[in-house]
Amino acid sequence: MKLVIALVVLVVGSLLFHLWSPWWFTPLASNWHTVDTTVDITLYITGAVFVIVNLFMAWAVYRYRHRPEQRARYEPENKRLETWLTVITAVGVAAMLAPGLVVWADFTQVPEDAAPVEVVGEQWQWSYRFPGEDGVLGEVAARHVGPDNPFGMNPADPAGADDILVSSNELHLPIDRPVKLLLRSKDVLHNFAVPQFRVKMDLVPGSVSFVWFTPTRSGRFDVLCMELCGIAHYAMRGQVIVDSQADFDAWLAQQTTWADISSQPAGDPSAGQQLYATCSACHGPEGQGNAAMNSPALAGLEPWYIQRQLRYYQQGIRGTHDDDEYGKQMAAMAATVATDTALRDLSAYIASLPAANSDATVEGDPARGAAHYNTCGACHGVRAQGNYALQAPRLAGQQDWYLKRQLAHFRHGIRGAHSDDNYGHQMVLMARSLQNEQSINDLLAYVNTL
Amino acid sequence: MSLFSTLREKPWEPQPALAGHPTPADPLATPRTALRFIMAIVGVLFFLFIITFLSRSQYPDFQALAGQPWQPFSDTSRLWFNTALLAASSLAMHIAVLVAQREHLNRAVLGISLAVFFAIGFLLAQLDLWQRLMAAGYYINSNPANSYFYLLTAVHGLHLLGGMVVLANLLFRVWYDDSLATLSGPLSLCAQYWHFLLAVWLLLFALLASSPDTINTLAALCGF
Amino acid sequence: MQHTALADQTLELHDPHSFVTKYIWSQDHKVIAIQYGLTAVFVGLVALVLSALMRLQLGFPDTFDFITPGAYLQFVTMHGMIMVIYLLTALLLGGFGNYLIPLMVGARDMVFPYMNMLSYWMYLLSVIILLASFFVPGGPTGAGWTLYPPQAILQGTPGYDWGIILMLVSLAVFIIAFTMGGLNYVTTVLQARTRGMTLMRMPLTIWGIFTATVLGLLAFPALLVSAIMMLLDKTIGTSFFMPALVSLGENLDYTGGSPVLFQHLFWFFGHPEVYIVALPAFGMVSDVLACHARKNIFGYRMMVWAIVAIGGLSFVVWAHHMYVSGMHPAFGFFFATTTLIIAVPTAIKVYNWVLTLWQGNIHLRVPMLFAIGFIFTFIHGGLTGLFLGNVTIDLPLSDTYFVVAHFHMVMGVSPIMVLFAAIYHWYPLITGRMLNDALGKAHFWLTFLGTYAIYLPMHYLGFLGVPRRYFAMGSTDFIPESALSLNASITVSALIVGASQLIFLFNVFWSLRHGEKAPHNPWGATSLEWQTPDVPPKHGNWGPELPTVYRWAYDFSVPGAERDFIAQNEPPDAAHPTSGELGGAS
């Protein structure tokens, strides 16, 4: 008897849960309303079956419960009933399948006017490539990939020169224009998914897959990687910003082409040395950092990292939070390195300073810290040497009090929470996995040994 | 189709006679059923390897081992030699079964010994072929076609080794029981397995020594 | 091949003498079944603990320092692999298959008892290799139970070095173990049935186990092939599945391989694997339902056909796991169609279970509670499968919590409900004692309601778009705070369900000593396993003479018969209302 009540309650409860649940599809932002319709059809049919079969079962359990002197009916089979049930089921299944196949046919047929955009996935970030004026994406190959050529562009292919390379997790798309995303991965499987667009597809290294849609709503949407891609899978986030055509064109015009990037001159350390005079007051002549001045070590930090941080300070992406006292100081200083050339020269000089170990100020157990460092090492390297491909700076030799403060800043959203901070959001997620003061000290004690 | 009529039986209706499944009178029925399953399983295993081979062959870095004069299997004489060894082993097994059925124990043992001799010869010759390929610079990881060659020959060889273990077990039991009656039946099953492995080898041979054109045609037929 | 058939006159059973040969190096199918069962339950408990750790992280992120992102992925991977392969497959086929096949078809043992013993020891070896990966540098693999390359063998994935190697070796050993056992099961069913046991007189349990074993024998080679090839890619640098790629900034030597090829192989095994788990469960639940409803299973022939049809179709639906894998989209049409076709025989099975209850005489004993609970959870899980099988709906839902909820409903909760039904049903036969009824009911209610509280809401997180295999959600615009609290409530339910399994374990071990002595055939079942001269059955099962079968296994409540069941081996002569020397239930 209890079971009968439970079955009825579960059926009714499931229906109520469905009706009252605040958790449902996100509001649609693409042309794929047909996907939602297909879901609805399936939902109604399966919902009806769920209710009917379970209530019938509940009734049967109640009506035919064991009573003395009762005997079950002996009926090996009932061909008519079984045939009818088979036919009805087949009709129901066909009713669900047919719209599915029709919509899938649409999905496989990319409209001819869809604009091609390449999405590149790698552990654990996104970047994008537009074909430029010639409308053709230049050839790429894994063997060309290097620090100066993150997209793996073939230098010999002229079609690639005007390709627009977006080395950022943020993609802009024009509203109401169909777009065909060509999906490519540099390392492992990834999946480009924007829940509001409804469609998703894997990125497979060694081949190019595609997905197409027409954005119909402007706004900012999260891109999530939905194919397990390693330790920081959950931190592989991007953004799609759907703009008006004019805003989109303006954004695209600001991006750099492959020709621009490949013709950029290298930084000049000797010019940078003069610029560094300002910095040395706090960061020390050898870039060793100074705990009393709250300034971290700079020696050995990679040029791309220094450049990115200075830009972030200049653009208000870092050093603007109220609780970031020293960041605000730095933001004022960063404004003095105004030009791209100055940035390149200065960072080249800093990179040339020999990295040295800093004095330990935290006490912890390096052996236990090593276990925590496994996670960090995936990006920052087993020797904490940093890795350009992951945009992860060098940690070895850094002042431990500085690392500790930055971890706290990331954890509390003081750093890395700005929507334009493309890589900081990963550190926000990562820093949160370490909550306990002692664990952090252990970790830093281990980093000090590297 | 007896399967279909079986599946249409209405088991709740009283059946006239005791239409039962009698305890098998044939003592070989059980191992024969098992052998059929084994051959089906091994068949599926090689089928899947071959399917992946055909699929993988359509990627640009795949270089078949035959087709051009400088490639190792444009001269198939060594492969034919190895094939002859395995075929001789199969033949010897077959003859051993025939004489065992006529209850000539000594000749049957001679036949089996020859079969084992040739089978071991085949395995050694395959190993020798590996050595030659490696000496010529065709390493397992330098090209997928090479990888498949080593992999498929190794898996085939392991199955032959497994067969020899079963055969050894059988001979041990015959020797232990000292009865010829227990020999010919199981031996005929061993022989079936031997012929099956010969057939698998011929298939592998044909595939691995095919020119790129043949491989491409096969792959196209499979839809790759 | 060298063994002779086990005919009843030439009884050539390996006779155990000492404790060691009786309980350790035993060739008795019943002892092997118990060995399989205990090992599977033990390793399943490990997986249960892993799932609790995983749920703690998801429900209360940023709380537990020892659950790092890498450790989380390792928990996910090992939980999935252990549950699917080392618990469900091993317990359903190695455990129940071993125990029930000879007893239900009237054989004295499996046809190759020695190989059967080896099968268990190989299985134990595979479990040891698997668990050893917890203790190697880098820990077990964290590549997800699907082990997709390239990431499974590349830096950036936990356990990419030793962990994955041990996992692949363990799987290969498991497959060898399964093949040895499986050959026994199919050959025993085909060749060692007793007199009168025609194929269509076999209980559905045997049909389910037999078909599942055939599927396993033909599908596991695909996993073996992919495991061998990935092992070579990992250890000696071949490029079967590995394309040219740049791993963490470093150009590797791989060229031109195809990761999607691995996925095809994996799912060519992986989808039949779903039915390798489901079909034995379908079979066993049919027999439990019929017995406790005192009614013949409704539409026996249809049930057999459905099992065979599902088994056959399960080999042509695999790529529905790969709609968004980047394979050619045209495959979507074919696989969506085959996948939805397979829903028809599956639905028929559900109807026939419900129609077995209809006009029955239902005893709501503990096994029956679990069986009816199974029907409910399976309906739920089966219907959500119609979403994911339909290629268009898979676009928004794949790789979300919806998938997790669906497959846990359909191949986690449902088969486990059947396993519990089966354990409560057959425990008296196996041990000679009854399980405690009150504890059994408490266990049922906590498990049944608790699992629904876990998985129903999880579907809705999936609709929302919450991705699976995420260590933490962080702040994502479209995911409201309420979704995170929902995750916490799911975790609480999961912990309760996990803890309630202790009631079950306690019951099983306590009843072994203190349970009520089981009467002969306590449920009044018709099938042969309850008609043995001794309970629990002794070595050789049948005493001096094998039983003879006169009827199918579902003669419950036959009009005109004195009792409401007639055992399969009861002669048709109406002058013998009871089954003579075997003695009937009172």
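The values are calculated or read from the model by the stated rules, or taken from the named source; none is laboratory data. All values reported here derive from a predicted model rather than from experimental measurement. Please note: Cβ atoms are built from the backbone with ideal geometry, for glycine as well, and neighbour counts cover all protein chains shown.
A few remarks follow.
Conditions tested, residue by residue: (1) in contact with a Lys or Arg (Cβ under 9 Å, 6 or more places away or on another chain); (2) over 18 Å from A:Phe248 (Cα atoms); (3) surrounded by fewer than 20 Cβ atoms within 10 Å (Cβ to Cβ).
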{"position": "A:Ala115", "(1), (2), (3)": "yes, no, yes"}
{"position": "A:Glu118", "(1), (2), (3)": "yes, no, no"}
{"position": "A:Glu122", "(1), (2), (3)": "yes, yes, no"}
{"position": "A:Ser127", "(1), (2), (3)": "no, no, no"}
{"position": "A:Phe130", "(1), (2), (3)": "no, no, no"}
{"position": "A:Gly135", "(1), (2), (3)": "no, no, yes"}
{"position": "A:Glu139", "(1), (2), (3)": "no, yes, yes"}
{"position": "A:Pro150", "(1), (2), (3)": "yes, yes, no"}
{"position": "A:Asp157", "(1), (2), (3)": "no, yes, yes"}
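- Per the conditions (1) modelled with pLDDT of 95 or more; (2) surrounded by 24 or more Cβ atoms within 10 Å (Cβ to Cβ), the sole criterion not satisfied by A:Gln245 is (2).
- Hits in the stretch A:167-203 (condition: among the β-branched types (Val, Ile, Thr) and within 16 Å of A:Gly135 (Cα to Cα)): A:Val179
- Among (1) hydrophobic (A, V, I, L, M, F, W, C); (2) assigned to a loop (DSSP other than H, G, I, E, B); (3) facing chain C (nearest Cβ under 9 Å), the one test that A:Leu28 misses: (3)
- Selected residue (only one of A:Val223, A:Val188 is at pLDDT 90 or above and more than 22 Å from C:Leu464 (Cβ to Cβ)): A:Val188
- Whichever residue in the stretch A:193-211 is within 7 Å of chain C (Cβ to nearest Cβ), hydrophobic (A, V, I, L, M, F, W, C) and more than 16 Å from the chain's Cα centre (by Cα) and, among such residues, is surrounded by the most Cβ atoms within 10 Å (Cβ to Cβ): A:Val204
- Restricting attention to the stretch C:357-376, the residues that are within 9 Å of chain A (Cβ to nearest Cβ), closer than 25 Å to C:Thr447 by Cα, crowded, with 24+ Cβ neighbours inside 10 Å and not hydrophobic (A, V, I, L, M, F, W, C) total 1.
- Residue in the stretch B:138-152 that is at pLDDT 90 or above, closer than 26 Å to B:Pro27 by Cα and within 14 Å of another protein chain (Cβ to nearest Cβ) present: no
- If you filter the stretch C:516-559 down to residues that are touching a Leu at 6+ places or on another chain (Cβ under 7 Å), of a type in the set (A, V, I, L, M, F, W, C) and within 23 Å of C:Gln27 (Cβ to Cβ), you find that the one that is nearest to the other protein chains (Cβ to nearest Cβ) is C:Leu528.
- Checking C:Phe134 against (1) more than 23 Å from the chain's Cα centre (by Cα); (2) at pLDDT 95 or above; (3) surrounded by 24 or more Cβ atoms within 10 Å (Cβ to Cβ), the condition it does not meet: (3)
- Taken as a whole, the condition of being assigned to a helix (DSSP H, G or I) and either at the interface with chain A (Cβ under 10 Å from one of its Cβ atoms) or in contact (Cβ under 8 Å) with a residue 12 or more places away in the chain (or both) applies to C:Ile310.
- In this structure, A:Gly100 does not qualify as closer than 27 Å to C:Leu289 by Cβ and at the interface with chain C (Cβ under 10 Å from one of its Cβ atoms).
- Single residue of C:Ala107, C:Ala143, C:Ala90 found to be crowded, with 23+ Cβ neighbours inside 10 Å and within 14 Å of chain A (Cβ to nearest Cβ): C:Ala143
The rows are residues; the columns are (1) without any contact (Cβ under 8 Å) to a residue 12 or more places away in the chain; (2) assigned to a helix (DSSP H, G or I); (3) buried (at least 19 other Cβ atoms within 10 Å of the Cβ).
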{"position": "B:Phe172", "(1), (2), (3)": "yes, yes, no"}
{"position": "B:Tyr193", "(1), (2), (3)": "no, yes, yes"}
{"position": "B:Leu197", "(1), (2), (3)": "no, yes, yes"}
{"position": "B:Leu203", "(1), (2), (3)": "no, yes, no"}
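- Any pair with Cβ under 6 angstrom, 6 or more apart, that starts in the stretch A:118-145 at a residue that is modelled with pLDDT under 90 and ends at one that is among the acidic types (Asp, Glu) and part of a strand (DSSP E or B): none
- Taken over the stretch C:471-487, the residue count meeting the criterion of being of a type outside the set (S, T, N, Q) and either within 13 Å of A:Pro22 (Cα to Cα) or at pLDDT 95 or above (or both) is 7.
- The stretch A:1-60: number of residues that are of a type in the set (D, E, K, R) and within 40 Å of the chain's Cα centre (by Cα): 2
- The strands (runs of 3 or more DSSP E) found entirely in the stretch A:202-303 that carry 3 or more residues being touching an Asp or Glu at 6+ places or on another chain (Cβ under 8 Å) are A:219-225, A:237-243.
- Among (1) out of contact with any Cys (no Cβ under 8 Å at 6 or more places or on another chain); (2) within 20 Å of A:Pro366 (Cβ to Cβ); (3) touching a residue at least 24 places away in the same chain (Cβ under 8 Å) - the single one A:Pro393 does not satisfy: (2)
- Hits in the stretch C:491-533 (condition: hydrophobic (A, V, I, L, M, F, W, C) and more than 24 Å from the chain's Cα centre (by Cα)): C:Val492, C:Trp510, C:Leu512, C:Ala518, C:Trp523
- Residues satisfying the stated conditions in the stretch A:316-354, i.e. touching a Leu at 6+ places or on another chain (Cβ under 8 Å) and among the aliphatic types (A, V, I, L, M): A:Ala334, A:Val337, A:Ala342, A:Leu343, A:Leu346, A:Ile350, A:Ala351, A:Leu353
- The stretch A:1-17, residues that are at the interface with chain C (Cβ under 8 Å from one of its Cβ atoms) and crowded, with 17+ Cβ neighbours inside 10 Å: A:Leu3, A:Ala6, A:Leu7, A:Leu10, A:Ser14
- Residue tally, condition assigned to a helix (DSSP H, G or I) and either among the charged types (D, E, K, R) or surrounded by 13 or more Cβ atoms within 10 Å (Cβ to Cβ) (or both), over the stretch A:77-93: 11
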